[in-house]
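Report on the following structure.
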Amino acid sequence: SKHYAAKPSLLGRLLPNQPVVRAVQQVTLDIAPGEILGLVGESGSGKSTLGRVALHLEPPTEGQVLFQGRPPAEDLAGFRRRAQMVFQDPQSSLNRSLTIERILDSPLSVHRYGPAAARRARIVELLELVGLRADMMRRYPHELSGGQRQRVGIARALAIEPAFLVLDEPTSALDVSIQAQVVNLLVELQQRLSLTYLFISHDLRLVRWLCDRIAVMYLGRIVEVGPAAQLWEAPAHPYTRALLAAVTAETLAPPEAAGEVPSPIRPPPGCAFHPRCPAAGPRCAAEAPRALAQPLGAMVACHLHDGGVG
Ligand code: SF4
Ligand code: MG
(Lines give C-alpha, C1' and ligand atoms only; values in the text may rest on other atoms or scores of the structure.)
(Ligands and ions follow the chains in the order given, each with its own letter.)
Protein backbone atom coordinates (compact mmCIF):
# COMPACT_ATOMS: atom_id res chain seq x y z
CA SER A 1 0.00 0.00 0.00
CA LYS A 2 1.28 3.45 -0.77
CA HIS A 3 1.84 5.75 2.11
CA TYR A 4 3.65 9.03 2.31
CA ALA A 5 5.10 10.04 5.63
CA ALA A 6 7.49 12.87 6.35
CA LYS A 7 8.76 12.26 9.85
CA PRO A 8 11.20 15.00 10.65
CA SER A 9 12.11 15.31 14.31
CA LEU A 10 14.34 18.19 13.30
CA LEU A 11 14.67 19.28 9.70
CA GLY A 12 16.81 22.10 8.50
CA ARG A 13 19.26 23.48 6.04
CA LEU A 14 22.64 25.12 6.28
CA LEU A 15 22.94 28.59 4.77
CA PRO A 16 26.43 29.88 3.92
CA ASN A 17 28.00 31.71 6.86
CA GLN A 18 24.83 31.43 8.87
CA PRO A 19 23.66 29.27 11.68
CA VAL A 20 21.47 26.32 10.92
CA VAL A 21 17.94 27.37 10.11
CA ARG A 22 15.70 24.88 11.72
CA ALA A 23 13.17 24.65 8.97
CA VAL A 24 10.89 22.24 10.74
CA GLN A 25 11.23 21.17 14.31
CA GLN A 26 9.87 18.44 16.52
CA VAL A 27 7.22 17.49 14.07
CA THR A 28 5.74 14.34 12.67
CA LEU A 29 3.77 15.09 9.55
CA ASP A 30 2.04 12.16 7.90
CA ILE A 31 0.30 12.39 4.58
CA ALA A 32 -2.15 9.61 3.87
CA PRO A 33 -2.54 8.12 0.39
CA GLY A 34 -5.07 10.09 -1.63
CA GLU A 35 -4.98 12.97 0.82
CA ILE A 36 -4.56 16.66 0.02
CA LEU A 37 -2.62 18.20 2.88
CA GLY A 38 -2.39 21.99 2.85
CA LEU A 39 0.67 23.71 4.26
CA VAL A 40 0.16 27.36 5.16
CA GLY A 41 2.13 30.12 6.85
CA GLU A 42 3.71 33.49 6.16
CA SER A 43 6.62 33.76 3.75
CA GLY A 44 9.83 32.69 5.45
CA SER A 45 8.01 30.18 7.65
CA GLY A 46 9.78 27.26 5.98
CA LYS A 47 6.93 25.93 3.82
CA SER A 48 8.97 25.60 0.64
CA THR A 49 11.88 24.11 2.54
CA LEU A 50 9.62 21.47 4.04
CA GLY A 51 8.30 20.72 0.55
CA ARG A 52 11.83 20.33 -0.76
CA VAL A 53 12.84 18.15 2.18
CA ALA A 54 9.75 15.99 1.58
CA LEU A 55 10.94 15.46 -2.02
CA HIS A 56 14.49 14.71 -0.89
CA LEU A 57 15.75 17.76 -2.79
CA GLU A 58 17.18 19.10 0.44
CA PRO A 59 18.51 16.85 3.19
CA PRO A 60 17.01 16.96 6.65
CA THR A 61 19.71 17.87 9.19
CA GLU A 62 18.02 15.50 11.60
CA GLY A 63 14.98 13.28 11.45
CA GLN A 64 13.85 11.40 8.41
CA VAL A 65 11.51 11.34 5.47
CA LEU A 66 9.70 8.10 4.71
CA PHE A 67 7.90 7.40 1.46
CA GLN A 68 5.66 4.36 1.46
CA GLY A 69 7.46 3.39 4.66
CA ARG A 70 10.99 3.63 3.27
CA PRO A 71 13.66 6.33 3.11
CA PRO A 72 13.86 7.79 -0.44
CA ALA A 73 17.63 7.17 -0.54
CA GLU A 74 17.01 3.40 -0.55
CA ASP A 75 15.71 3.69 -4.11
CA LEU A 76 16.22 7.26 -5.26
CA ALA A 77 15.40 6.60 -8.93
CA GLY A 78 12.14 4.91 -7.92
CA PHE A 79 11.36 7.71 -5.49
CA ARG A 80 11.95 10.35 -8.20
CA ARG A 81 9.42 8.56 -10.41
CA ARG A 82 6.82 8.49 -7.66
CA ALA A 83 7.25 11.98 -6.15
CA GLN A 84 7.29 15.17 -8.18
CA MET A 85 7.13 18.95 -7.79
CA VAL A 86 4.93 21.60 -9.38
CA PHE A 87 6.58 25.00 -9.05
CA GLN A 88 5.05 28.39 -8.35
CA ASP A 89 6.18 30.22 -11.45
CA PRO A 90 5.84 28.35 -14.75
CA GLN A 91 7.52 31.30 -16.46
CA SER A 92 10.85 30.57 -14.81
CA SER A 93 10.50 26.81 -14.28
CA LEU A 94 10.07 26.02 -18.01
CA ASN A 95 13.15 26.23 -20.21
CA ARG A 96 12.29 29.02 -22.66
CA SER A 97 14.57 27.71 -25.41
CA LEU A 98 12.75 24.37 -25.67
CA THR A 99 9.45 23.50 -27.32
CA ILE A 100 6.69 22.11 -25.12
CA GLU A 101 7.34 18.74 -26.75
CA ARG A 102 11.00 18.80 -25.65
CA ILE A 103 10.04 20.02 -22.17
CA LEU A 104 7.61 17.12 -21.72
CA ASP A 105 9.95 14.64 -23.34
CA SER A 106 12.72 15.41 -20.86
CA PRO A 107 11.32 13.47 -17.86
CA LEU A 108 10.20 10.66 -20.20
CA SER A 109 13.74 10.32 -21.58
CA VAL A 110 15.41 10.58 -18.18
CA HIS A 111 13.19 7.86 -16.76
CA ARG A 112 13.40 5.70 -19.90
CA TYR A 113 9.69 5.79 -20.57
CA GLY A 114 10.08 4.09 -23.94
CA PRO A 115 11.07 4.65 -27.57
CA ALA A 116 10.39 7.96 -29.33
CA ALA A 117 6.96 6.94 -30.66
CA ALA A 118 5.74 5.88 -27.21
CA ARG A 119 7.08 9.07 -25.67
CA ARG A 120 5.35 11.17 -28.31
CA ALA A 121 2.05 9.37 -27.71
CA ARG A 122 2.50 10.01 -23.99
CA ILE A 123 3.11 13.71 -24.65
CA VAL A 124 -0.18 13.94 -26.58
CA GLU A 125 -1.91 12.10 -23.74
CA LEU A 126 -0.38 14.45 -21.15
CA LEU A 127 -1.48 17.55 -23.04
CA GLU A 128 -5.02 16.16 -23.25
CA LEU A 129 -4.89 15.33 -19.53
CA VAL A 130 -4.21 18.97 -18.62
CA GLY A 131 -6.69 20.38 -21.13
CA LEU A 132 -4.30 21.51 -23.89
CA ARG A 133 -4.48 20.74 -27.60
CA ALA A 134 -1.88 18.40 -29.05
CA ASP A 135 -0.53 21.07 -31.41
CA MET A 136 0.67 23.02 -28.35
CA MET A 137 3.67 20.73 -28.35
CA ARG A 138 5.25 22.69 -31.22
CA ARG A 139 5.12 25.97 -29.33
CA TYR A 140 7.58 27.63 -26.97
CA PRO A 141 6.73 28.67 -23.39
CA HIS A 142 6.59 32.40 -24.28
CA GLU A 143 3.86 31.65 -26.86
CA LEU A 144 1.57 30.34 -24.11
CA SER A 145 -0.52 32.19 -21.55
CA GLY A 146 0.38 31.94 -17.86
CA GLY A 147 -2.40 29.41 -17.28
CA GLN A 148 -1.30 27.29 -20.25
CA ARG A 149 2.29 27.36 -19.02
CA GLN A 150 1.23 26.12 -15.61
CA ARG A 151 -0.75 23.33 -17.30
CA VAL A 152 2.50 22.34 -19.01
CA GLY A 153 4.27 22.46 -15.63
CA ILE A 154 1.61 20.10 -14.24
CA ALA A 155 1.87 17.81 -17.29
CA ARG A 156 5.64 17.64 -16.82
CA ALA A 157 5.21 16.67 -13.15
CA LEU A 158 2.70 13.96 -14.15
CA ALA A 159 4.73 12.61 -17.09
CA ILE A 160 6.09 9.54 -15.34
CA GLU A 161 2.95 8.77 -13.38
CA PRO A 162 3.89 9.87 -9.87
CA ALA A 163 1.79 9.06 -6.79
CA PHE A 164 2.74 12.16 -4.81
CA LEU A 165 3.03 15.82 -5.80
CA VAL A 166 4.38 18.75 -3.85
CA LEU A 167 2.64 21.84 -5.25
CA ASP A 168 4.46 24.98 -4.12
CA GLU A 169 2.04 27.91 -4.54
CA PRO A 170 1.03 26.54 -7.96
CA THR A 171 -1.53 29.26 -8.69
CA SER A 172 -0.17 32.33 -6.92
CA ALA A 173 1.73 33.61 -10.00
CA LEU A 174 -1.44 33.42 -12.12
CA ASP A 175 -4.14 36.00 -12.78
CA VAL A 176 -7.02 35.60 -10.35
CA SER A 177 -9.36 34.72 -13.24
CA ILE A 178 -7.11 31.80 -14.20
CA GLN A 179 -6.41 30.51 -10.69
CA ALA A 180 -9.74 28.70 -10.27
CA GLN A 181 -9.35 26.91 -13.61
CA VAL A 182 -5.98 25.54 -12.56
CA VAL A 183 -7.23 24.63 -9.08
CA ASN A 184 -10.16 22.76 -10.61
CA LEU A 185 -7.79 20.94 -12.95
CA LEU A 186 -5.65 19.92 -9.97
CA VAL A 187 -8.70 18.57 -8.14
CA GLU A 188 -9.85 16.64 -11.20
CA LEU A 189 -6.39 15.14 -11.70
CA GLN A 190 -6.05 14.24 -8.03
CA GLN A 191 -9.28 12.24 -8.18
CA ARG A 192 -8.76 10.74 -11.62
CA LEU A 193 -5.17 9.62 -10.95
CA SER A 194 -5.53 8.89 -7.20
CA LEU A 195 -2.78 11.36 -6.37
CA THR A 196 -1.57 12.55 -2.98
CA TYR A 197 -0.81 16.27 -2.68
CA LEU A 198 1.20 18.42 -0.34
CA PHE A 199 -0.28 21.79 -1.31
CA ILE A 200 1.79 24.76 -0.17
CA SER A 201 -0.07 28.06 -0.11
CA HIS A 202 -0.52 31.33 1.72
CA ASP A 203 -4.15 31.44 0.59
CA LEU A 204 -6.15 30.08 3.52
CA ARG A 205 -9.48 30.27 1.73
CA LEU A 206 -8.20 28.19 -1.14
CA VAL A 207 -6.57 25.68 1.17
CA ARG A 208 -9.73 25.36 3.22
CA TRP A 209 -11.76 24.62 0.10
CA LEU A 210 -9.22 22.29 -1.47
CA CYS A 211 -7.57 20.33 1.32
CA ASP A 212 -8.55 17.47 3.60
CA ARG A 213 -6.25 18.65 6.36
CA ILE A 214 -4.24 21.81 6.91
CA ALA A 215 -0.85 22.17 8.60
CA VAL A 216 0.14 25.63 9.84
CA MET A 217 3.81 26.64 9.99
CA TYR A 218 5.40 29.40 12.00
CA LEU A 219 9.16 30.07 12.01
CA GLY A 220 10.01 26.57 10.91
CA ARG A 221 7.62 24.79 13.22
CA ILE A 222 4.31 23.14 12.52
CA VAL A 223 2.15 24.75 15.20
CA GLU A 224 -1.20 23.17 14.30
CA VAL A 225 -2.61 20.46 12.06
CA GLY A 226 -6.29 19.74 11.65
CA PRO A 227 -9.09 18.68 9.31
CA ALA A 228 -9.70 21.71 7.07
CA ALA A 229 -13.20 22.61 8.28
CA GLN A 230 -12.32 22.06 11.94
CA LEU A 231 -9.21 24.22 11.71
CA TRP A 232 -11.18 26.96 9.97
CA GLU A 233 -14.12 26.93 12.37
CA ALA A 234 -12.33 26.20 15.63
CA PRO A 235 -8.63 27.00 15.32
CA ALA A 236 -6.79 25.79 18.42
CA HIS A 237 -3.54 27.74 18.08
CA PRO A 238 -3.35 31.53 18.58
CA TYR A 239 -1.24 31.88 15.42
CA THR A 240 -3.85 30.05 13.34
CA ARG A 241 -6.46 32.38 14.84
CA ALA A 242 -4.37 35.41 13.82
CA LEU A 243 -4.03 34.09 10.27
CA LEU A 244 -7.77 33.50 10.02
CA ALA A 245 -8.54 36.92 11.47
CA ALA A 246 -6.36 38.44 8.74
CA VAL A 247 -8.34 36.53 6.09
CA THR A 248 -11.69 37.64 7.48
CA ALA A 249 -10.44 41.23 7.63
CA GLU A 250 -9.78 40.97 3.86
CA THR A 251 -6.16 41.86 4.39
CA LEU A 252 -3.14 39.84 3.40
CA ALA A 253 -0.91 41.26 6.13
CA PRO A 254 -0.95 39.70 9.59
CA PRO A 255 -2.92 41.73 12.16
CA GLU A 256 -1.17 44.86 13.43
CA ALA A 257 -1.40 43.65 16.98
CA ALA A 258 0.57 40.56 16.06
CA GLY A 259 3.72 42.62 15.42
CA GLU A 260 6.80 41.95 13.34
CA VAL A 261 7.83 38.47 12.30
CA PRO A 262 11.04 37.55 14.16
CA SER A 263 14.03 36.05 12.34
CA PRO A 264 13.96 32.30 11.75
CA ILE A 265 17.75 32.31 12.24
CA ARG A 266 17.38 33.21 15.90
CA PRO A 267 13.83 32.30 16.79
CA PRO A 268 12.57 33.59 20.13
CA PRO A 269 13.08 31.14 23.02
CA GLY A 270 10.24 29.06 24.40
CA CYS A 271 7.25 29.30 22.08
CA ALA A 272 8.58 31.14 19.00
CA PHE A 273 5.23 32.92 18.63
CA HIS A 274 5.26 34.41 22.15
CA PRO A 275 6.39 37.98 21.21
CA ARG A 276 3.32 38.26 18.94
CA CYS A 277 0.87 36.14 20.89
CA PRO A 278 -2.06 37.87 22.62
CA ALA A 279 -2.52 34.86 24.91
CA ALA A 280 1.12 34.49 26.01
CA GLY A 281 1.99 33.99 29.68
CA PRO A 282 5.25 33.56 31.63
CA ARG A 283 5.64 29.91 30.65
CA CYS A 284 5.58 30.78 26.93
CA ALA A 285 8.96 32.58 26.91
CA ALA A 286 10.58 29.87 29.00
CA GLU A 287 9.36 26.58 27.61
CA ALA A 288 8.75 25.36 24.07
CA PRO A 289 5.29 23.81 23.74
CA ARG A 290 5.05 20.11 22.92
CA ALA A 291 3.30 18.84 19.81
CA LEU A 292 0.08 17.36 21.20
CA ALA A 293 -1.64 14.81 19.04
CA GLN A 294 -5.42 15.26 18.81
CA PRO A 295 -8.18 13.09 17.30
CA LEU A 296 -8.75 13.04 13.51
CA GLY A 297 -5.09 13.52 12.60
CA ALA A 298 -4.94 16.88 14.34
CA MET A 299 -2.08 18.33 16.36
CA VAL A 300 -1.51 21.53 18.31
CA ALA A 301 1.65 22.91 19.91
CA CYS A 302 0.55 25.49 22.49
CA HIS A 303 0.65 25.64 26.30
CA LEU A 304 -3.00 26.73 26.36
CA HIS A 305 -3.81 23.13 25.48
CA ASP A 306 -1.19 21.63 27.79
CA GLY A 307 -1.69 22.89 31.32
CA GLY A 308 -1.81 26.65 30.70
CA VAL A 309 0.54 29.57 30.13
CA GLY A 310 1.10 30.66 33.77
FE1 SF4 B 1 0.75 31.81 22.59
FE2 SF4 B 1 1.92 30.60 24.67
FE3 SF4 B 1 0.41 29.18 22.98
FE4 SF4 B 1 2.77 30.11 22.20
S5 SF4 B 1 2.39 28.60 23.81
S6 SF4 B 1 0.88 30.20 21.05
S7 SF4 B 1 2.85 32.08 23.23
S8 SF4 B 1 -0.27 30.83 24.35
MG1 MG C 1 7.84 29.69 -0.67
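Looking at this structure, is residue 122 within 17 Å of residue 87 (Cβ to Cβ) and either in a loop (DSSP other than H, G, I, E, B) or not hydrophobic (A, V, I, L, M, F, W, C) (or both)? Steps first, answer last, please.
Details: within 17 Å of residue 87 (Cβ to Cβ): no; either in a loop (DSSP other than H, G, I, E, B) or not hydrophobic (A, V, I, L, M, F, W, C) (or both): yes.
In short, no.
Being at positive phi and of a type in the set (Gly, Ala, Ser) is a description that does not apply to residue 153.
If the condition is being free of Cβ contacts under 8 Å to residues at least 60 places away in the same chain, farther than 20 Å from residue 163 by Cα and touching a Phe, Trp or Tyr at 6+ places or on another chain (Cβ under 7 Å), then the stretch 83-135 contributes 96, 99. Being away from ligand 2 (no atom under 15 Å from the Cβ) and crowded, with 21+ Cβ neighbours inside 10 Å is the filter here, so list the residues in the stretch 205-215 that pass it. Selection gives 210, 211, 213, 214. When residue 96 is tested against the conditions (1) among the basic types (Lys, Arg); (2) at pLDDT 85 or above; (3) surrounded by 17 or more Cβ atoms within 10 Å (Cβ to Cβ); (4) farther than 24 Å from residue 243 by Cα, the lone failure is (3).
Of a type in the set (A, V, I, L, M), surrounded by fewer than 17 Cβ atoms within 10 Å (Cβ to Cβ), modelled with pLDDT of 90 or more and farther than 23 Å from residue 88 by Cα - does that describe any residue in the stretch 239-259?
Of the residues in the stretch 239-259, the ones of a type in the set (A, V, I, L, M) are 242-247, 249, 252-253, 257-258.
With surrounded by fewer than 17 Cβ atoms within 10 Å (Cβ to Cβ) added as a condition, the list becomes 245, 247, 249, 252-253, 257.
Checking the rest, the ones that are also modelled with pLDDT of 90 or more come to none.
Within the stretch 239-259, none of the residues are of a type in the set (A, V, I, L, M), surrounded by fewer than 17 Cβ atoms within 10 Å (Cβ to Cβ), modelled with pLDDT of 90 or more and farther than 23 Å from residue 88 by Cα.
Being under 25 Å from residue 56 (Cβ atoms) and either surrounded by fewer than 21 Cβ atoms within 10 Å (Cβ to Cβ) or touching a Ser or Thr at 6+ places or on another chain (Cβ under 9 Å) (or both) is the requirement here; does residue 118 meet it? Here the answer is no, as residue 118 does not meet what is asked.
Residue count for the stretch 42-56, restricted to those that are loosely packed, with under 14 Cβ neighbours inside 10 Å and either over 14 Å from the mean Cα position of the chain (by Cα) or within 17 Å of residue 84 (Cα to Cα) (or both): 0.
The single residue among 185, 189 that is surrounded by fewer than 24 Cβ atoms within 10 Å (Cβ to Cβ), in contact (Cβ under 8 Å) with a residue 60 or more places away in the chain and either part of a helix (DSSP H, G or I) or touching a His at 6+ places or on another chain (Cβ under 9 Å) (or both) turns out to be 189.
Restricting the stretch 153-176 to residues that are assigned to a loop (DSSP other than H, G, I, E, B) and within 16 Å of ligand 2 (Cβ to nearest atom), the residue that is surrounded by the most Cβ atoms within 10 Å (Cβ to Cβ) is 170.
The values are calculated or read from the model by the stated rules, or taken from the named source; none is laboratory data. All of these numbers come straight from a predicted model, not from anything done at the bench. Note: ideal-geometry Cβ built from the backbone for every residue, glycine included; neighbour counts use all protein chains shown.
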